[in-house]
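Structure, as structure tokens:
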Amino acid sequence: MCCSRLLCGVIMFLPQPPTITHQSPKDYIVDPRENIVIHCEAKGKPHPSFSWTRNGMHLDIDKDPKVLMKPHSGTLVMDIGGGERAEAYEGVYQCSAHNELGTAVSNSIIIRQSRSPLWSKERISPIIAQKGQSLILHCRPPAGLPPPIIFWMDNNFQRLPQSRRVSQALNGDLYFSNVQPEDSRSDYICYARFPHTQTIQQKQPISVRVLDMDSLNDTLADYFNDTDLFSDKPTEERAPVFMVPSESVSSKMVLRGEVLEMECVADGLPTPAVSWVKHNGEIPSGRASFLNFNKTLRITDVSEVDAGEYRCIAKNRHGSVQHTIRVTVNAAPYWISAPRNLVLAPKEMGIITCRAAGHPKPSIRWLVNGLPIQAEPPRVLTLPNIVYQVIMNKPALLECVTFGSPVPTITWFKDSRSSMLEGNAYVFHENGTLEIHMSHPSNSGKYTCVARNSLGLSENHVYLEVKEPTRILRPPEYRVVQRNRDVVFECKAKHDPSLVPTMTWLKDDRELPDDERFRVDSDSLTITDVTESDAGRYTCIMNTTLDQDSASAQLTVVGECLCATPSQPGVPTDLELTDQEARSIQLTWIPGDEHNSPIKKFLIQYEDALHQSGVWHNLTEVPGTKTTAHLKLSPYVHYSFRVLALNEVGFSRPSMPSRQYRTSPAAPDENPTEVKGHGTEHNNLVITWKPLTPLQANGPGLQYKVMWRQQDMEKDWTSVSVANVSKFVVSGTPTFVPYEVSVQAVNDYGPGPKPSAVIGYSGEDFPSAAPGDVRVLVLNSTLAEVRWSPVSPESVRGRLQGYKVQISSRHRTEIFSPNKTSGKLPDLLPYSVYSLEVTAFNSRGEGPSSVPQRFETPEGIPGTPSFFKVSALDLDSLTLEWGPPHERNGRLSGYTFKYQTVDSKNDLGLLEELDLPSNQSSFTLHNLPHSTRYKFYISARTQRGAGPTLTEEAVTVLDRGDQDWQKEKVNGSQFHVLKGLKKGLAYKVRVVARGHDDRAVHHSEELLVKVPAMVSPQVDIATQGWFIGLMSAIALLILILLIICFIKRNKGGKYPVKEKEDAHGDPEIQPMKEDDITFGEYSDEDHKPLKGSRTPSSGTVKRDGSDDSLVDYGDSGDTEFNEDGSFIGQYSGRSDRDARHDSSEPPSPVNAMNSFV
């Protein structure tokens, strides 16, 4: 074997000699709290045996009861759990694997115990530094094995922030390029984490105080006549100086393939920037990275090209400094051309090449099985226990390849070494191979070859199995099929049961077309939608690993035919059970008639006469081209089978049941599922599971073995067997502890597989302790924060669900998650007194309450006043009333009252503001302009400010009472302009139609017109919407009256009114009764005005005398005319009741009315 300070093994021949497949690392650091396991696994034929050396001496494993070797393995296990010290087993270990073909040796494995020593006690004085100076905080962790991982944190276990100015060096020290006042703190703590033992140790906290000398001198100079009490000058800005490394040139050695790390930390003000260059070369970009704010250069997978000079440069605005690091790369021995395995025949020459390199240059030596090369005893290189398989009546060749010096002789034996093989039935070849001319089943068995020379002998065993030949029993048959129909070729074969068959089909001695219409199954070929191109010779070939057989058939395709209507397929017949096994059986049948629709599939059903007699269950489906099915069965079932065929019409009727096949009982194959463990009381554990079905039971006497043990506390399982249940309650358990639980199925034939354990917890109890140190911090008038100390895990007595904060004054509860120790309480009422308690709760319920905490919320802004209304309005004054807010939220300090005018465009005027005392609930505004709209605002105030505002609107009133109607003549026009209207007033307007005698014939409805109170003088009245609307309304009314007058003048005939006028004389002398008010006779020929029409100078229409004005009548909407022009019915005058009603209507509270006729 070729070696280069490494121990290397070269497998010189076939892989039968031992080969190390797995071993522990060369430098193996072990945890002293755990057993020491040194791995050594090897392969070889025969399987190798193992031995160990320690510190170059043979290790006698039997002498130390604490040292064990795993079976069929070389792995050592050293039990140090009984008080043994791991130091006693430190040393250099080496494993050897042996068999008769050779020896393989592992690497030298150095065993060392991991160490995490305690930090030496020391007293660290506070550090006082001047602002701008550099500072180093030394960590100096204890030397551990392996070295610890260093990091700096504060008292709250938060990592200290690092930057270009403050950073941690590779040795763990914390470097400040220049200190600043914000660096002052008392909790600089260096932590060391030892990875093997998973422990963390901390150094005593370091206190750093940074003094700002400039500020301190300036402050004290004011008191001591500008005298600088501190002689030290303030730290000025300076050029960089390296803190690490301290010298100008340093060197570093690294091994090939390892990681190179270089660092430069600089002092300077302002903080210098660090950069890296390589002299006469480039830094490899793919393997290099700049860490720690460019202060560390890291290169992975180092090679010889990485050797050279590296420069780090620190620079700020005051200058720069550089440091040179000379890197050399050494190399442990490594392969240039590793030895490779050779297979050589006897007397054949072979060359094994061994080339290695390293720095310094390694030495090379050769070993064979760990010993110098010498004469070799015989070895059989053929793999042991090879199984040769051959078809009956075929020749068999059994190999026996050997090696030895001198060359060994070979002899063969069968089954035993009682007699050596000889005779004409055997041929012995020079290379040791045994040949049997014609194999028969009697030749099957175990054969042994023995190799001998002067140094010893070696033997090997091989086996011969003679198999039955493969034969096709049902070859494919000649088929004639119509186009677009399906065809199936069957090919059933027989083969040796131990061989795996493969069916291959050919068409005209070529591969089948790549067409999805061709479907190959295990014993058939199906072609769907046959075409003329599918015609030809089809061959099925049944292959095994040893032989094959084949058969062919012709396919002829003919034209289509008119087929009858398809129907359900015929019933399958002749069900037969073959190949009966404990868990499987073969079912065959003969399909019924297709009835003009190809069978798509067969459905196989079964009946279990033992558990569910008369109930048929679906078992499996097979394609319609198959007539056999391999069925998987369950133990302890009385099976009967039946088959149904399916085509496009539907299922056939079920076949007749097969004969009954009973499977033998067996132990369960599976265990119950959904196993869970939970508690319903504080001292119990309820184990539940999903029971097995009768089909899963596999046999009679099904029971469940329920097992449990307390996790990490109990080694032995407690178990109980139950039947016909799916739950078991374990009583007397501790409160809320983890248990491993499992449930195993057992019947009369044995247990099921080993169940896996699940973790469940026993029942919870109410928490036993209340949260402590409850404090309330009032944040504002509606928000407070409550804080508490968490309860201890032991007092939870369950899984902590959270904390409840109960506020007594409003019966309110807030819930917070279990990881919270504080929470906000929103939506509080200002200026209120509250009391709260905090409880912890789990799934069982709440624990005891904390000591009640009383707190008060400060004043807040008040709510809106309870009401705001206008209680009285006059020509030039308005009175408003309001009520205090329902939610005062403090002591009311007064009200803020505002008001402003609103014009016709809803534009707001100047806002006036008044402060009113808190005991006032009304206010009157005087000397206001008439007909002016105002908007008012009212809000309450406390010491915290004003609350929301209520608004109200009102208009000052100009009331002139009942005024006489004013009139203007229209003279037949359809519109009329009213002039002289006053701003802010409302007017009633109507149009009256009069006849030639100035008597009122008809009047329109009254129209209410409002003139805006505040009109901008710049606006043209002709363009205003209200003016255009008014004019349009007047024009429309005039047009209607003109039409009525035209109709009255042009109608002929006489009116009954004339006769009454003649009878009663002059209507001005004799007054008319209200019930008899009618018009006199009128004719178109008279052209006389109506009599008795008179308008008083006051503008009010009166009903004294014979006044017949239409003003006194109601609307004429009910008056109709005959064809001759006479009225139908009479005008109905208004009754006294109507008149009284009209006169009693109050005037508008907003606008005074002037009337026109």
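The values are calculated or read from the model by the stated rules, or taken from the named source; none is laboratory data. Since this is a predicted model, take the numbers as computed values, not measurements. Virtual Cβ from ideal backbone geometry, glycine too; neighbours counted across all protein chains shown. Accessible surface is based on the protein model in full, side chains and every heavy atom, while ligands, DNA and RNA are left aside. Shrake-Rupley method; radii C 1.70, N 1.55, O 1.52, S 1.80 Å.
Points to keep in mind about this one:
- Meets criteria (open to solvent by 40 Å² or more (accessible area, probe 1.4 Å), in contact (Cβ under 8 Å) with a residue 12 or more places away in the chain, more than 23 Å from Leu633 (Cβ to Cβ) and among the hydrophobic types (A, V, I, L, M, F, W, C)) for Met713: yes
- Residues within the range 434-452 that are open to solvent by 20 Å² or more (accessible area, probe 1.4 Å), in contact (Cβ under 8 Å) with a residue 40 or more places away in the chain and not in a helix (DSSP H, G or I), tallied: 5
- In the range 373-396, the residues that are closer than 29 Å to Leu499 by Cα and touching a residue at least 40 places away in the same chain (Cβ under 8 Å) reach residues that are open to solvent by 50 Å² or more (accessible area, probe 1.4 Å) and among the polar types (S, T, N, Q) with C-beta atoms within less than 8 angstrom, at least six apart or across chains, in these pairs: Gln389/Thr545.
- Among the residues making up the range 77-91, those that are open to solvent by less than 60 Å² (accessible area, probe 1.4 Å), of a type outside the set (Gly, Ala, Ser) and closer than 14 Å to Ile110 by Cα are Tyr89, Glu90.
- Cβ-Cβ under 9 Å pairs, at least 6 apart or on other chains, the range 858-869 side closer than 30 Å to Val776 by Cβ, far side of a type in the set (Phe, Trp, Tyr) and open to solvent by 10 Å² or more (accessible area, probe 1.4 Å): Pro858/Tyr831; Glu859/Tyr831; Gly860/Tyr831
- Test result for Lys754, part of a loop (DSSP other than H, G, I, E, B), exposed (fewer than 15 other Cβ atoms within 10 Å of the Cβ), of a type in the set (Lys, Arg) and over 36 Å from the mean Cα position of the chain (by Cα): no
- Subset of the range 404-430 [assigned to a strand (DSSP E or B) and open to solvent by 60 Å² or more (accessible area, probe 1.4 Å)]: Thr409, Met420, Phe428
- Looking only at residues in the range 855-876 that are of a type in the set (Gly, Ala, Ser) and touching a strand residue (DSSP E or B) at 6+ places or on another chain (Cβ under 6 Å), the one that is least open to solvent (accessible area, probe 1.4 Å) is Gly863.
- Selected residue (criterion: most open to solvent (accessible area, probe 1.4 Å)) from residues of the range 613-631 that are under 17 Å from Arg659 (Cα atoms) and not small (Gly, Ala, Ser): His630
- Meets criteria (modelled with pLDDT of 90 or more, hydrophobic (A, V, I, L, M, F, W, C) and in contact with a Pro (Cβ under 7 Å, 6 or more places away or on another chain)) for Ala97: yes
- Boolean, Pro441 is at pLDDT 85 or above and either in contact with a Cys (Cβ under 6 Å, 6 or more places away or on another chain) or within 30 Å of Leu525 (Cβ to Cβ) (or both): no
Per-residue answers, yes or no, for (1) under 23 Å from Phe403 (Cβ atoms); (2) open to solvent by 80 Å² or more (accessible area, probe 1.4 Å):
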{"position": "Gly432", "(1), (2)": "yes, no"}
{"position": "Ser458", "(1), (2)": "yes, no"}
{"position": "Val466", "(1), (2)": "no, no"}
{"position": "Arg479", "(1), (2)": "no, yes"}
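- Filter pass, Pro141 being modelled with pLDDT of 85 or more, under 42 Å from the mean Cα position of the chain (by Cα) and not in a strand (DSSP E or B): no
- Highlighted here are the strands (runs of 3 or more DSSP E) found entirely within the range 271-352 that include at least 2 residues which are open to solvent by 40 Å² or more (accessible area, probe 1.4 Å): 273-278, 288-291, 308-316, 319-337.
- The residues listed here are Leu506, Leu546, Leu499; of these, the one that is open to solvent by 20 Å² or more (accessible area, probe 1.4 Å) and touching a Ser or Thr at 6+ places or on another chain (Cβ under 7 Å) is Leu506.
- Scanning the range 855-884 for residues that are farther than 13 Å from Glu952 by Cβ, of a type in the set (A, V, I, L, M, F, W, C) and modelled with pLDDT of 90 or more gives Phe855, Ile861.
- Residue check for Met69: open to solvent by 50 Å² or more (accessible area, probe 1.4 Å) and touching a helix residue (DSSP H, G or I) at 6+ places or on another chain (Cβ under 8 Å): yes
- Within the range 825-840, the set of residues being hydroxyl-bearing (Ser, Thr, Tyr) and in a loop (DSSP other than H, G, I, E, B) comprises Tyr831, Ser832.
- Residue under evaluation Ala954, criteria (1) hydrophobic (A, V, I, L, M, F, W, C); (2) modelled with pLDDT of 90 or more; (3) open to solvent by less than 20 Å² (accessible area, probe 1.4 Å); (4) under 18 Å from Pro865 (Cβ atoms), criterion not met: (2)
- Residues satisfying the stated conditions in the range 239-270, i.e. in a strand (DSSP E or B) and either over 24 Å from Arg164 (Cβ atoms) or free of Cβ contacts under 8 Å to residues at least 40 places away in the same chain (or both): Val249, Ser251, Met253, Val254, Leu255
- Among (1) modelled with pLDDT under 90; (2) more than 15 Å from Gly445 (Cα to Cα), the one test that Thr409 misses: (1)
- Filtering the range 813-824 to residues that are small (Gly, Ala, Ser) and assigned to a loop (DSSP other than H, G, I, E, B) leaves only Ser817.
- Residues located in the range 889-911, provided they are part of a strand (DSSP E or B) and open to solvent by 80 Å² or more (accessible area, probe 1.4 Å): Leu908
- Among (1) open to solvent by 90 Å² or more (accessible area, probe 1.4 Å); (2) aliphatic (A, V, I, L, M); (3) over 30 Å from Asn543 (Cβ atoms), the one test that Leu473 misses: (3)
- The listed residues are Ser163, Ser125, and the only one of them that is assigned to a loop (DSSP other than H, G, I, E, B), surrounded by fewer than 20 Cβ atoms within 10 Å (Cβ to Cβ) and in contact with a Phe, Trp or Tyr (Cβ under 8 Å, 6 or more places away or on another chain) turns out to be Ser163.
- Number of the exception - Glu182 against (1) open to solvent by 50 Å² or more (accessible area, probe 1.4 Å); (2) touching a strand residue (DSSP E or B) at 6+ places or on another chain (Cβ under 7 Å): (2)
- Residue within the range 841-854 that is at pLDDT 90 or above, surrounded by 17 or more Cβ atoms within 10 Å (Cβ to Cβ), assigned to a loop (DSSP other than H, G, I, E, B) and not polar (S, T, N, Q) present: yes
- Evaluation of Val649 against the conditions (1) over 25 Å from Val520 (Cα atoms); (2) outside any loop (DSSP other than H, G, I, E, B); (3) modelled with pLDDT under 95 shows that the sole unmet condition is (2).
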